[in-house]
Amino acid sequence: MGNPHVLVIPYPAQGHVLPLMELSQCLAKHGIKITFVNTEFVHKLVVNALGTEHDVANSIRLVSIPDVNDQIEEIFLSMPVKVKELIEQINASDGDNVTCVLADNFLGWAMEIAVDKEIKRAAFSVIAATASVSVSSIPKLMEDGIIGYDGNPTKKQMVQLSPFMPPMKTSHFVWVDHGVWKDQNLFFDYSLRNNRSIELADWVLCNSTYDLEPEPYNLNPKILPIGPLVASNRSGNSVGNFLPEDLSCLKWLDQQPTQSVIYVAFGSHTTFDQTQFEEFALGLELSNRPFLWVVRPDIANKLNDTNLEGFQDRVGSRGLIISWAPQQKVLEHPSIAYFFSHCGWNSTMEALSNGVPLLCWPFSTDQFLNEHYICNVWKVGLGFNRDDGGIITREEIKNKSDELLSGENYKANTLNLKEKLLNSIKQGGSSYTNFMTFVAWVKA
Ligand code: UDP
């Protein structure tokens, strides 16, 4: 066996590239050679956002494979062929053959390639262990008549995957409300096939801890938590952004009183309809607190609507709007009071690792499950009620904002979880131990 050399393959989306890049940097720190492969489009975004002042290239080799316009074709057909070719090319030209494939849990075909090449294989899940387990439980859910053969719930109900796990709404299973691919059947069929391929993995790692979700690991013992994967644990910066981070917001945060600022960010791809967007902006204004709001370039034009005329003048220097935040650094900042979030799993882990309570505005996929944990299991945040027209009103936004800040338990519960999460990644902690066992296996 040669030097350990891991080929890391993320699903081509922001919320997948960032945590896998973090994991890659942790592995590189242990002397493991990393080749990180993105599709060409994503590779260019990442390299562009990195700019020149970074040292990632010293520890990780960033490479790309050609793009295909159609996303489904890319993930099903093109990526597997190109990844296989890349391994052959590296093995033919490089002194260090690829010894292990570490791929996104949603790219099960990478495990098949690793079997074919007779190398080690590990999968990494970017969603909560509970959400992963719900996907690996699909055959059982079918057997129990909870979902049909097309993946759709046979009726709307709450189900528990085990007696100790919190109830989930069947309409919120990730394959039912996935919001990513237009064709739900295709997504479900792919998930079924993916489940089988992932069984070939030697390891399935996830960005979570036993403290957050004690039970799912009993249902699928192969899943091992190594989280929270946060850059502060390496005393480093988060790498793998698709957009350049606007670091000037940190200076603005320095000028705000402790625990006064609402941080608003809805991840990398959520979009609002115009009516709700306007109502949201007016709710933020009504909340009457300083806010830092990430309005990505793909939704920025909604701010120019006539109904929002004067919004920026009225909020003045109380509000700062930027295109992309250095989110982990923002959440570490003492001026942050709470996080208005879509409850993506990375965002959730980053908030909890910094003891920041959440206001939950989930859109799709696992975000509803995460909201359920945040509000009802960990009790570190609040969700919203919609009016008869399905809108979250500005008054509801203001009221929940006040409630979150006046209820002392939310902050106390979040700080309590923060301590547990940080202990798990310290030497001797459970995530640390799982990670080090994984490192030893990669090196063996
Ligand atoms: N993020 C960021 N700056 C922003 C908004 C988001 O760095 O302005 C990062 C955030 O820290 C997180 C990721 O983008 O790591 C989003 O992942 P998440 O799972 O929360 O949501 P997704 O985009 O996958 O829906």
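Every number here is computed from the coordinates shown, using simple stated rules; none is lab data. Bear in mind the structure is a predicted one, so any value in this text is a computation, not a measurement. In this analysis, Cβ positions are derived from the backbone assuming ideal geometry, glycine residues included, and neighbour counts consider all displayed protein chains.
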Quiz item: Ranked highest first by average number of other Cβ atoms within 10 Å, how do 296-302, 374-380, 102-108 line up?
Solution: 102-108, 374-380, 296-302
Exercise. Past 27 Å, Cα to Cα, is the threshold; run Lys44/Lys82; Lys302/Lys400; Lys156/Lys379; Lys155/Lys400; Lys222/Lys418; Lys117/Lys140 against it and keep the listed order.
Key: Lys155/Lys400; Lys117/Lys140
Practice problem: Express in nm, to one decimal, how much length is gained between Asp313 and Lys222 on full extension, taking 0.36 nm for each residue of separation and deducting their alpha carbon distance. | Solution: 27.4 nm
Quiz prompt | Relative contact order %, region 365-417, counting alpha carbon pairs below 8 Å whose residues are six or more apart | solution = 32
Exercise. Work out how much length Asp402 to Ser248 would gain on full extension: take 0.36 nm times their residue separation and subtract the Cα-Cα distance, in nm to one decimal.
Key: 52.7 nm
Quiz item: For the pair Thr306 and Glu419, how long in nm is the line joining their label points, each one 7 Å along Cα→Cβ?
Solution: 5.6
Practice problem: Normalising by the residue count of the chain, find the relative contact order in percent from Cα pairs under 8 Å and 6+ residues apart. | Solution: 16
Quiz item: So for Cys343, Cys100, fewest C-beta neighbours within 10 Å to most, what's the order?
Solution: Cys100, Cys343
Quiz item: What nm value, rounded to one decimal, do you get for the distance between Ala440 and Gln157 when each label is placed 7 Å out toward the C-beta?
Solution: 4.5
Quiz item: With a sphere of radius 12 Å drawn around the Cβ of Cys100, what net charge do the other residues whose Cβ falls strictly inside it have (Lys, Arg +1; Asp, Glu -1)?
Solution: +2
Quiz item: Sorting Lys120, Lys156 on the 10 Å Cβ count, fewest up front, what's the list?
Solution: Lys156, Lys120
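Suppose R0 equals 35 Å; then what is the FRET efficiency for Ile299 and Asn376 from their Cβ-Cβ distance, rounded to the nearest 0.05? Before the final figure, lay out the partial values.
Details: r = 29 Å, r/R0 = 0.84.
About 0.75, to the nearest 0.05.
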Quiz item: Which length gain, in nm to one decimal place, applies between Asn185 and Val47 when the Cα-Cα distance is subtracted from 0.36 nm times their residue separation?
Solution: 46.2 nm
Quiz prompt | Alpha-carbon Rg with Dmax, taken over region 343-384, Å | solution = 8.9, 24
Self-check item: If the convex hull is drawn through the Cα atoms of region 228-341, its volume per residue in Å³
Solution: 109
Quiz item: In terms of modelled amide H atoms, which long-range or inter-chain residues lie less than 5 Å from the amide H of Leu292?
Solution: Ile262, Tyr263, Val264, Leu320
Self-check item: Whole-Hz couplings from phi, Karplus 6.51/-1.76/1.60, listed for region 300-314; x for Gly and Pro
Solution: 4, 5, 5, 6, 8, 4, 4, 5, 9, 4, x, 4, 5, 5, 5
